[in-house]
Every structure is written in C-alpha cells, then in structure tokens.
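**Q** Here's a structure for you.
FYI, it's all coordinate maths here, none of it is from the lab. Keep in mind the model is a prediction, meaning the values are calculated, not measured. Please note: Cβ atoms are built from the backbone with ideal geometry, for glycine as well, and neighbour counts cover all protein chains shown.
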Amino acid sequence: MIPFGGQLNADGSHEFPVRVYFEDTDFSTNVYHAAYLKFFERARTEFLRAYDIHHNELAKDGLAFAVREMQISYDRAAHIDDLLVVRTQLSEVSGARFILSQSIDRESERICAARVVAVLLNQAGRPARLPKEMRAKLLAN
C-alpha cells in the first residue's frame, strides 16, 4: 500500500495513489478527460514535496511553478471506484524548467501518460532560474 502523499522510489520516481470518485466521472462513469489533469497536478505537487520542495516556501520568495507545455495520451478509460497510481519521473532539468514523465496506471494497465514541461516564474511572471539548492535536490537521485 502506498502511503498518503505517495512514495519516493530508489530510482527517483514517485508513486501517488488516486481513487476515482463520482465527481471525477462523466455521465458514463468513465473518468472525464480533464480529471486526469487534476490527478497529474496532485502527483506533481507530492513529487516535489518528496524532494523537500514546497509551493508555500517558493511563494515566500515570490516564485511559483507553471505548466508551460503538456502532451497527453489517453490510452484507456478509468472508471468510478478504480484505484490508480500516478507515477512521476524527472526527465530533464535546465535553466528555469524541468521536464517530467507522468503516467496513470490501474494495476499493470496504462490508462494515461503525459510529458510535462514546468517552469519557475518570478512575481512578474517571467522565467526564473531554478535555485542551485532546488536543482541539487532534483538531481540527487
């Protein structure tokens, strides 16, 4: 069983559990396509927490992450009451951005996958270089 908040694996990947609730589904009890974005977002936040990177601390420094680009593949439908696992893996870090590979699985079955480009922004909404400490944390595994 994956603990609340997920778990960081030895390879640096992160696993985050999600249960599908009624609010995540459309009239057919399939997960509505936009709900997958929420699952990915929650998992990205927990991935960062696992690396001791917290949104509230960034905000104190006038910084915030934003998704710049996202490519999604919807492979199968998830359904109400399904137990899913969102896996997040760092693919690349450079300058003001990092790239993540994310997937959502039901047991061994791939449901959805995404490639996410996230950037760090300053208070003016301009890209800001990732602080050295943050880069070191992300590249530790």
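**Q** Let me know the charge dipole size of the chain about its Cα centre in debye, to the nearest 20, where only the beta-carbon of Lys, Arg (+1) and Asp, Glu (-1) is charged.
**A** Roughly 680 debye, rounded to the nearest 20.
**Q** Next question, about the same structure. For the chain, with a Gaussian network of springs between Cα atoms less than 10 Å apart, report the residue from Ser73, Ser13, Ser28 with the top mean-square fluctuation.
**A** Ser28
**Q** What relative contact order, as a whole-number percentage, does the chain give when Cα pairs under 8 Å and 6 or more residues apart are counted?
**A** Details: 262 pairs, mean separation 35.6, N = 141.
About 25 percent, as a whole number.
**Q** Only loop residues by DSSP count here, and only those with at most 13 other Cβ atoms within 10 Å; note down the GluC sites (Glu not before Pro) in region 1-49 that meet that.
**A** Nothing satisfies the criteria.
**Q** What is the order of Asp105, Asp24, Asp11, fewest Cβ neighbours within 10 Å to most?
**A** The most exposed by this proxy come first: Asp11, Asp105, Asp24.
**Q** Farthest toward the dipole's positive end in region 89-132, which of Ala128, Ser108, Gln89, given Cβ charges of +1 (Lys, Arg) and -1 (Asp, Glu) about the Cα centre?
**A** About the Cα centre, the residue reaching furthest to the positive side is Ala128.
**Q** Angle between the Cα long axis of helix 33-50 and the longest principal axis of the chain, 0 to 90 degrees, nearest 10?
**A** Taking Cα atoms only, the helix is inclined about 50 degrees.
**Q** Gap in Å between the Cα centre of region 25-53 and the Cα centre of region 108-134?
**A** 15
**Q** Rounded to the nearest 0.05, what FRET efficiency do Glu69 and Glu41 have when you use their Cβ-Cβ distance and R0 = 22 Å?
**A** Values: r = 14 Å, r/R0 = 0.66.
E(calc), rounded to 0.05, equals 0.95.
**Q** Now a separate question. Report, in deg cm²/dmol and to the nearest 500, the calculated mean residue ellipticity at 222 nm for the chain, where each DSSP H run with n ≥ 4 adds -39500 (n - 2.57) and the sum is divided by the residue count.
**A** That comes out to -6500 deg cm²/dmol.
**Q** Of Tyr32, Tyr51, Tyr21, how do they rank once you tally other Cβ atoms within 10 Å and put the fewest first?
**A** If I rank by nearby Cβ atoms, fewest first, I get Tyr21, Tyr32, Tyr51.
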